[in-house]
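Here is the structure we will look at, set down as structure tokens.
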Amino acid sequence: MQSVKTIDSILWAKIKLGDLDAYNQLYDKYVDALYNFGIKHTNDRDYVKDCIHDLFLDIYKYRKKLSDVDNVNYYLITSLKRKINRKFKSKIELFSTEEKKNEIKSEYSSIEDVIIQSENSSEISAKLSEALTSLSTKQRKGLSLKFDEKKSYEEISIILGISIESVRTLIYRAVKKLRSEIQ
């Protein structure tokens, strides 16, 4: 019987050659452990899922440039931790800026502030509506199933008639496009 390290090394080598089955096997093998690891660092479950998704997209995207890895488990955990920390730092800065804005608003609250806040909210809603129309029908359906109906990737895969990996990519690209168009 092959050791885990050897099996992981074989999967890793196959991924570097573009083998989707090996990629899916590695994902399936580690996704739960990575998720459990991630929520020990932050309680934001969606954020951890995004980081894991980003990690595996990066692995596939840069598969030809990947170096050989002795311990795939260690590599994945270290990479996930780095992604969580990098994004979490930017989230902390965002929240601290928002908290400062809220403190200032509470000190100088007026009708003008309420009007400005309402206009900003309306502007964001308009941008989001416009950005949603720029998505393909399949992307909008995928986002609706994932976020409105809380369907799993597997369920969405069956509904849309595409592979689970295609669903992940579809949703990732849709969210990425929305983020870029709203900002």
Out of all the residues in the stretch 24-63, which are in contact (Cβ under 8 Å) with a residue 24 or more places away in the chain and farther than 23 Å from ARG86 by Cβ? ASN24
Inside the stretch 40-76, can you point out the residues that are of a type in the set (A, V, I, L, M), within 23 Å of LEU20 (Cβ to Cβ) and assigned to a helix (DSSP H, G or I)? ILE52, LEU55, LEU57, ILE59, VAL72, LEU76
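Which one of ASP58, ASP70 is open to solvent by 80 Å² or more (accessible area, probe 1.4 Å) and of a type outside the set (A, V, I, L, M, F, W, C)? Walk me through it before giving the result.
Numbers: ASP58 fails: open to solvent by 80 Å² or more (accessible area, probe 1.4 Å).
Among ASP58, ASP70, only ASP70 is open to solvent by 80 Å² or more (accessible area, probe 1.4 Å) and of a type outside the set (A, V, I, L, M, F, W, C).
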When the residues of the stretch 16-36 are filtered to those that are within 17 Å of the chain's Cα centre (by Cα) and among the hydrophobic types (A, V, I, L, M, F, W, C), which remaining residue is least open to solvent (accessible area, probe 1.4 Å)? LEU34
For the subset of the stretch 135-183 comprising residues that are charged (D, E, K, R) and buried (at least 16 other Cβ atoms within 10 Å of the Cβ), which member is nearest to TYR23 (Cα to Cα)? GLU165
From the list ILE39, ILE52, which one is in contact with a Leu (Cβ under 7 Å, 6 or more places away or on another chain) and surrounded by 14 or more Cβ atoms within 10 Å (Cβ to Cβ)? ILE52
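The values are calculated or read from the model by the stated rules, or taken from the named source; none is laboratory data. A quick note: this is a predicted structure, and the numbers were derived from the prediction, not measured. In this analysis, Cβ positions are derived from the backbone assuming ideal geometry, glycine residues included, and neighbour counts consider all displayed protein chains. Please note that ligands, DNA and RNA were not included when accessible areas were found on the heavy atoms of the full protein model with its side chains. Shrake-Rupley method; radii C 1.70, N 1.55, O 1.52, S 1.80 Å.
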